Amino acid sequence: MLELLIFIALGLLILIIFELRARKQSNSEAISQQSGLTSNSDSDQLAADGGECCGQHLVCERETLLQTNAQIEYFDDEELDALAGIDPANFTKQQHEDLRAVFNTLLEKDVPAWCRSLQLRNIQLPSDIREEALLICRERRQKK
């Protein structure tokens, strides 16, 4: 009788662990899709390449997933926190210019880290800046 109770408790514990992992994964996917910086097709491409970065997303998922500390790094751009959660289509001209000014002052090597920082801060880039940042990230990956 005791063995049966232990077996059932162990089974329930395993079931709970799998459910928590599934919820955590679905939350991570929802955040990634909401940020607009990655997509499921990027994940599929990453897996198809055997873990190599496909270069199709702004922040390399391989690097992002390996980072467990998720620290926000600022680039003298604390004022951009006011843009968190706002659709880039709704940015004022001044907000767009503020983003552009920060982007233009970044060193090429800092662009991927800045994009990760924006993603963690829930700040989306307007399409023109996003495309330029994506181009820089792709060029840096090709140099490696």
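The values are calculated or read from the model by the stated rules, or taken from the named source; none is laboratory data. Being a predicted model, the structure only gives us computed values, none of them experimental. Every residue, glycine as well, gets a Cβ built from its backbone with ideal geometry; the counts of neighbours run over all protein chains shown. These area figures cover heavy atoms from the full protein model, side chains too; ligands, DNA and RNA do not enter into them. Shrake-Rupley method; radii C 1.70, N 1.55, O 1.52, S 1.80 Å.
Okay, here's what the table says:
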quantity	calculated
Pair-distance profile P(r), taking every C-alpha pair of the stretch 67-144, with 10 angstrom steps and integer %	17, 55, 25, 3
Percent accessible area from carbon and sulfur atoms, the stretch 69-119, protein chains only, probe 1.4 Å	47 percent
5 angstrom amide H check on Ile86, placed H, neighbours 5+ away	Gln124
Phe91 long-range amide H proximity, modeled H, under 5 Å	none
At most 15 other Cβ within 10 Å, DSSP loop - GluC sites (Glu not before Pro), the stretch 97-144	none
Accessible solvent surface per residue of the stretch 74-144, calculated while the other protein chains remain in place, 1.4 angstrom probe, Å²	57 Å²
Pair Phe7, Arg138: separation of 7 Å Cα→Cβ label points (nm)	5.8 nm
Estimated FRET transfer efficiency when R0 is 22 angstrom, pair Glu97-Ser127 (beta carbons, to 0.05)	0.90
